[in-house]
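First up is the structure itself, then whatever we jot down about it.
The values are calculated or read from the model by the stated rules, or taken from the named source; none is laboratory data. None of these values were measured; they are calculated from a predicted model. Neighbour counts are summed over all protein chains in view; Cβ atoms, including those assigned to glycine, are modelled from backbone coordinates with ideal geometry.
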Amino acid sequence: MQKKVFQLLVDNTSGVLSRISGLFSRRGYNIESITAGVTADPRFTRITIVTSGDDQILEQIEKQVAKLIDIRDIKELKPSESVYRELALIKVRAQAAERQGVISLADIFRANIIDVASDSLIVEMTGDQTKIEAFINLLDGYEILELARTGIAGLCRGTENVTFIN
Amino acid sequence: MIGADAIVRCLEAEGVEVVFGYPGVAICPFYNSILQSDIRTVLIRTEQNAAHAASGMARMTGRPGVCAVTSGPGATNVITGIATAFADSIPLICITGQVNSELLGSDVFQEADITGAVESFVKYSYLVKNAQDIPRIFKEAFYIANSGRKGPVLIDIPIDVQNASVSRYSYPEEVSLRTYKPTVKGHIVQIKKVVKELEKAKRPIICAGGGVLLSEAEKGLRAFSERHKIPVVSTMMGIGVMPTKHPLYYGMVGNNGKPYANRAMNESDLLIMVGARVADRAVSQPDLITQNKVLVHIDVDPAEIGKNAGPTIPLVGDAAHIFEEFLNQEFTCEHEEWLTQLDGYRDTMEKKRTPNPAYVDPAAFITRLSEKMQPDGVYVADVGQNQIWSCGYHVVKEGRFLTSGGMGTMGYSIPAAMGAKLADMTKQVIAVCGDGSFQMSMMELATMQQHHVPVKMIVLKNNYLGMVREYQHYTYKDNYSVVDLSGSPDLEKLSAAYDIPFLRLENMDRVEEVLDRFLAHDESMLLECLIDPMDLVKE
């Protein structure tokens with residue numbers, strides 16, 4: 001089993017996300033995370049999928065996804081040639097006495113406090129998955145009330161792998 | 001002009017001659033507009049068979065078959081037909097009426113989310129929201145259905161869109177799909193690699209699947225095989241790529257195939273799989289086709305290559321183009337001993353059946369039938385024991401052999417035969433089914449009478465769901481469960497009710513006379529053959 005990150009460029013048609021997620025579920029492929037958003041060209045959507053499987057499954061995933069009519073392009077985002085980012089919002093229980101501890105942890109991780117209530121804080125942090133997981137682990141002594149993660153979005157470095165569309 | 005008129009104009013522009021279907025309110029605007037057209041409509045008796053009939057027609061014409069049904073139950077009924085076509089990569093255009101687009105999602109009368117329901121059985125689907133999009137969508141749909149790896153495309157059209165006015169109608173000449181560009185031509189580097197392997201090979205073989213027929217590559221394949229004396233086996237869907245009695249053809253592979261065909265494939269040192277999925281029924285142990293041999297896998301769908309067996313040389317492209325390119329290559333390929341060896345297998349490994357003389361022997365009967373058929377006649381096999389006997393004993397001359405291979409859908413043969421007949425009324429078309437599969441589509445006797453589509457029907461009657469009975473015989477030691485077909489209608493009376501001539505064959509004594517009468521005139525006729533209920537496909 002190994003993890004792979006795929007980047008898809010798809011036609012912005014209705015139902016395209018369900019076609020992709022349906023393909024994964026009916027063929028029994030894993031989705032660890034999926035993110036989608038419109039590109040600079042509004043005709044297209046970029047999707048980042050984190051998936052896992054053995055070599056044969058990962059090859060099939062790439063081919064089966066490529067086969068869907070709405071898919072313009074699918075490519076692997078190799079860790080060495082790409083950047084990945086994920087955003088996490090973490091609501092931590094923090095009475096006045098605990099507040100400073102959470103804030104200094106957030107500072108170290110360059111995370112932002114985006115909401116303060118009398119007994120809780122919301123921390124916003126961006127980073128790759130290991131950074132987010134490290135931060136969550138450090139919050140072990142606190143009570144995490146709610147956690148929302150976006151799943152990763154990624155791009156290749158440089159201009160070599162850019163897909164140009166006429 | 002309204003949306004419904006535009007749909008009809010699109011079908012005319014695509015050269016559609018027949019639409020199979022069943023109306024309901026949600027598709028009525030379309031069925032009203034089609035009255036102004038020369039396109040023939042055929043009222044099928046249940047929607048599933050509309051897709052099967054369109055499939056039979058598509059397989060004979062090489063163009064997408066078209067069916068049009070109503071929303072809700074009409075649309076859900078057609079799903080099995082769509083799934084059947086999808087499994088065998090048959091191009092279909094399936095038009096479904098839909099409730100008013102403003103009511104979509106509110107669970108109104110006869111509403112079904114059909115594009116969602118067929119998602120895993122279609123190559124693509126559309127929900128038309130604007131009547132102005134109809135010409136573009138139909139152009140794309142016909143192109144998608146019949147290019148690359150072919151398959152069904154569903155177009156769901158709400159009734160208000162069918163009734164909406166279309167201000168400017170023009171059918172696009174070119175299709176422009178940014179994201180869909182199937183590979184047609186095989187890569188020359190890969191082709192040269194195959195040639196190099198063929199020069200070295202001592203035991204080459206080609207295994208042809210349904211994709212060869214879909215790309216109309218059988219002539220190229222035959223020419224290539226004959227020029228270099230390369231033996232050919234086929235999958236079930238590939239039956240007909242070579243005449244059965246061709247000296248270089250060594251039968252159907254698979255767990256229901258010929259033992260000498262499997263042996264030939266397994267003992268080869270170079271196997272060229274073309275237009276075949278390496279599916280479980282054809283190749284039960286994919287290891288055997290990769291070990292100790294070079295595996296070349298040719299398919300227009302790159303996802304099929306490496307799915308079930310890792311090839312040495314993958315070759316993506318359309319089989320017709322690839323064989324054309326192979327024929328351009330000058331090389332020699334010597335392997336006379338191999339052919340002698342395979343001829344020996346073919347002569348000695350055929351399993352002898354022990355037929356019960358009190359009944360019709362399906363094997364001998366089917367062989368005799370195919371000998372008497374017109375050389376270019378179309379044989380449509382259903383699903384069950386009858387299918388395996390048909391595959392094993394039908395002798396293809398220059399005609400076609402149609403069956404539901406991937407999905408194994410019972411009841412396919414009669415509607416598909418009607419579609420095949422409508423594709424070319426001059427051809428003899430024979431549907432061969434069992435008494436189980438016949439009862440899944442016998443309502444279509446009315447359709448063939450109403451629309452004057454003469455189909456020859458043969459029912460191999462053994463009063464059992466024979467294939468399942470055989471499985472229960474071997475797996476559950478004759479504990480038969482829900483396979484007894486008692487209560488079936490008297491087929492003679494049934495035929496009379498539809499005013500269709502009827503013949504019965506009790507045993508092999510009168511086979512010549514009965515077959516001659518059966519095949520004498522181009523009219524619908526039903527021939528019932530009594531088969532030993534205990535007869536087995538695998539003795």
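For region B:225-241, the tally of residues that are under 19 Å from residue B:340 (Cα atoms) and hydrophobic (A, V, I, L, M, F, W, C) stands at 3. Scanning region B:283-301 for residues that are modelled with pLDDT of 95 or more and within 14 Å of chain A (Cβ to nearest Cβ) turns up B:297, B:299, B:300, B:301. Within region B:381-402, is even one residue surrounded by fewer than 23 Cβ atoms within 10 Å (Cβ to Cβ), of a type in the set (S, T, N, Q) and assigned to a helix (DSSP H, G or I)? No: region B:381-402 contains no residue that is surrounded by fewer than 23 Cβ atoms within 10 Å (Cβ to Cβ), of a type in the set (S, T, N, Q) and assigned to a helix (DSSP H, G or I). Restricting attention to region A:1-29, the residues being away from chain B (no Cβ under 14 Å) and among the β-branched types (Val, Ile, Thr) number 1.
For region B:121-165, a residue qualifies if it is of a type in the set (D, E, K, R), within 22 Å of residue B:58 (Cβ to Cβ), surrounded by fewer than 23 Cβ atoms within 10 Å (Cβ to Cβ) and at the interface with chain A (Cβ under 10 Å from one of its Cβ atoms), and the qualifying residues are B:140, B:149.
Just for region B:90-109: of the residues that are out of contact with any strand residue (DSSP E or B) (no Cβ under 9 Å at 6 or more places or on another chain) and not acidic (Asp, Glu), which one is farthest from the other protein chains (Cβ to nearest Cβ)?
Let us first name the residues in region B:90-109 that are out of contact with any strand residue (DSSP E or B) (no Cβ under 9 Å at 6 or more places or on another chain), namely B:105-109.
Those left that are additionally not acidic (Asp, Glu): B:105-106, B:108-109.
On the way: B:105: 13, B:106: 18, B:108: 20, B:109: 24 Å.
Across region B:90-109, the extreme among qualifying residues is B:109.
Among the residues of region A:49-65, count how many are within 11 Å of chain B (Cβ to nearest Cβ), out of contact with any Asp or Glu (no Cβ under 8 Å at 6 or more places or on another chain) and either of a type outside the set (Asp, Glu) or surrounded by 15 or more Cβ atoms within 10 Å (Cβ to Cβ) (or both).
As a first pass, look at region A:49-65 and keep what is within 11 Å of chain B (Cβ to nearest Cβ): A:55-57, A:59-65.
Remaining after also requiring out of contact with any Asp or Glu (no Cβ under 8 Å at 6 or more places or on another chain): A:55-57, A:59-61, A:63-65.
This time we only want the ones that are either of a type outside the set (Asp, Glu) or surrounded by 15 or more Cβ atoms within 10 Å (Cβ to Cβ) (or both), so: A:56-57, A:59-61, A:63-65.
Of the residues in that region, 8 qualify.
Here residue B:181 meets the list (1) buried (at least 18 other Cβ atoms within 10 Å of the Cβ); (2) at pLDDT below 95 almost entirely, failing just condition (1).
Looking at B:490, B:478, B:484, can you tell me which residue is in contact (Cβ under 8 Å) with a residue 12 or more places away in the chain, charged (D, E, K, R) and not assigned by TED's automatic domain parsing to the domain that holds residue B:63?
B:484
Annotation note: of A:32, A:76, the sole residue that is more than 11 Å from chain B (Cβ to nearest Cβ), under 20 Å from residue A:152 (Cβ atoms) and in contact with a helix residue (DSSP H, G or I) (Cβ under 9 Å, 6 or more places away or on another chain) is A:76.
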